[in-house]
1. Quick one: what are the phi-derived ³J(HN,Hα) couplings along segment 126-135, Karplus 6.51/-1.76/1.60 with θ = phi - 60°, whole Hz, x for glycine and proline?
2. Take the alpha-carbon positions of segment 61-105, form their convex hull, and give its projected area averaged over all directions (one quarter of the hull surface) in nm².
3. Would you please calculate the Kirkwood hydrodynamic radius of segment 150-285 over all C-alpha pairs and express it in Å, rounded to one decimal?
4. When each pair of different Cα atoms in segment 393-445 is counted once in the 1/r mean, what is the Kirkwood radius in angstroms, to one decimal?
5. Search the structure for amide H atoms under 5 Å from the amide H of Gly52, placed 1.01 Å from N in the peptide plane, and list their residues when 5 or more places away or on another chain.
6. Towards the positive end of the charge dipole of the chain, with charges on Cβ (+1 Lys, Arg; -1 Asp, Glu), say which of Ala258, Ala360, Ser24 has the farthest Cα.
7. Express in nm, to one decimal, how much length is gained between Ala83 and Ala421 on full extension, taking 0.36 nm for each residue of separation and deducting their alpha carbon distance.
8. Using a 10 angstrom Cβ neighbour count of at most 13 plus a DSSP loop assignment to flag exposed GluC sites (Glu not before Pro), which longest range of the chain is free of such sites?
Amino acid sequence: MSNRVAKVTSTALLTDQYELTMLSAARQAGTASRQCVFEVFARRLPDGRRYGIVAGTGRLLDAIEKFRFGDEEIASLRDVLDADTLAWLADYRFSGDIDGYREGELYFPGSPILTVRGGFADAVILETLILSVLNHDSAIASAAARMVNAAAGRPIIEMGGRRTHEQAAVASARAAYLAGVDLTSNLEAARTYGVPSAGTAAHAFTLSFAHADGSDERAAFAAQVETLGVGTTLLVDTYDITTGVKNAIEVAGPDLGAVRIDSGDLGVLARQVRQQLDDLGATATKIVVSGDLDEYAIASLRAEPVDLYGVGTSLVTGSGSPTAGMVYKLVEVDGVPVAKRSSRKESHGGAKRAVRAARATGTIVEEILLREDTRPEEGSAAQSIPGADGLDVTELQIPLIRGGDRVEGLPTLEESRRHVAHGLVTLPWEGLGLSHGDPAIPTRYLNEPESR
């Protein structure tokens, strides 16, 4: 068996087997072509969260375009599916319509983040792929947004590539940047998505200058400065941090770009280092801190002289919530609303349209889900929506795919990043807190149809 890793050009097998066995059975039963509507939503937010950020939409649209069954994919399924189904898959290309919240939009429990319309067979086999992308990226972006808010304007660098799957690291860097994180250490994310990258040296570089007579931190710093210039960041806590700062300034001079602290009581050390740097005349040298930071640790350092945060494990694992908990549910079949009724897993039947109501100040007050054929005017006073008098309403879903083709002119990553920043400003102030509580705004259902 070859050890060569083939480059994946098709996303068709990034799915669960039951998606295809359902397809096969539906074809046999004659229900494969029934026109269906599927919705993606989260029944609840992860514990302690007050809002979520939709992320991964751009990656998902790329993946759907590549969801095609070539010869290799078909060959791998010969022991799983019948010949007629394999022949159908060989010609498969999603040909339906998809609407959704734009990437970077806030979402709350019940928000119809994505609506997929098409024949049952056409749409059902996208379930795993859609949930895989949206659940991961939205979890990362939601955690990153909390960290950005806790940082209160100070930059953050994402540096978690060593703490997750190598491909998840790239997606995580993209989602984090979308949510407002400034930089990534991941070069593939920089190449693929244009995320600004940064990085200097690790403890290993300093340790590599040790010799039989002892360590030589100054030589390590001198080599780094000679190569990268005095604007570089020197890691000063490999040995004694006070000596490390002294060596850094003696080698680089008072114009050194920054020092990084990666261990210990970061708040206490930041204060000590700031005082030492100032005493050495390096008043413009910045302080970077890293080491198991999350949004709570960042918030606790808000009053300390920290200039930049490096976040790794917590960011790429969703800071304790590695999935957004989204589901993909059938809500309509041939125009008839359908709903799951299992305890604690209930769904709301019928295709829905979502609007968000806000005060004139821009602060949002609730999300309203209506029947698809109920279309309030964007920016109107919403007199037609009970309980929304005097509020401005904005429709949330936008077209993403029509007839299987991606809609042109969708927001770019940079535009979506700005949309996240704007959306966070519209939250009620209590919705930005890190304490436990209800979602920042409620979700209200209107004109809900009776489901089968």
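1. Karplus-based 3J(HN,Hα) across segment 126-135 equals 8, 3, 5, 4, 4, 5, 4, 6, 5, 5 Hz.
2. Mean projected area for segment 61-105: 4.3 nm², to one decimal.
3. 16.2 Å
4. One decimal place: 14.1 Å for the Kirkwood radius.
5. Tyr107
6. So the residue we want is Ser24.
7. Going from the current span to full extension adds 116.6 nm.
8. Of all site-free stretches, the longest is 1-345.
The values are calculated or read from the model by the stated rules, or taken from the named source; none is laboratory data. This structure is a prediction, so every number in the text was calculated from the model and none was measured. In this analysis, Cβ positions are derived from the backbone assuming ideal geometry, glycine residues included, and neighbour counts consider all displayed protein chains. With ligands, DNA and RNA removed, areas are computed over all heavy atoms of the protein, side chains included. Shrake-Rupley method; radii C 1.70, N 1.55, O 1.52, S 1.80 Å.
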